[in-house]
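Below: the structure, in structure tokens.
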């Protein structure tokens, strides 16, 4: 689902994932795609009152074979600092606000 033309209806369409989420929910997007569509989806999620995390999986087939995947997570600092550490064992690096 890397193409923005595919991601929009799946997330923001009338029957998309965003229509099913309520305030306070979290949407995690593991699709490697452009930063532009991630920003667009972040803005749409924020407008609807739920969190958006851009967390593309990388490592390719070689990483999958040896069970190693890298998942960088990009989200609002407040969400990373307060929500995620309770759910995952993460090392967080604050780059910018």
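Compute the Kirkwood hydrodynamic radius of region 4-87, taking the inverse of the mean of 1/r over all pairs of distinct Cα atoms, and give it in Å to one decimal. Walk me through the intermediate numbers first.
Details: mean 1/r = 0.0730 Å⁻¹.
With all distinct Cα pairs of region 4-87 included, I get 13.7 Å.
Using 1/(1 + (r/R0)^6) with R0 = 25 angstrom and r between the beta carbons of residue 69 and residue 43, what's the FRET efficiency to the nearest 0.05?
Values: r = 27 Å, r/R0 = 1.09.
Efficiency at R0 = 25 Å is approximately 0.40.
Testing the spin-label approximation: label points 7 Å from Cα along Cα→Cβ at residue 28 and residue 57. State their distance in nm.
Distance between the two pseudo-spin positions: 1.1 nm.
Since every read-out is calculated from the coordinates, none of them should be taken as a lab result. All figures in this text were calculated on a predicted structure; none of them were measured in a lab. Here Cβ is always computed from backbone atoms with ideal geometry, including for glycine, and neighbour counts include all displayed protein chains.
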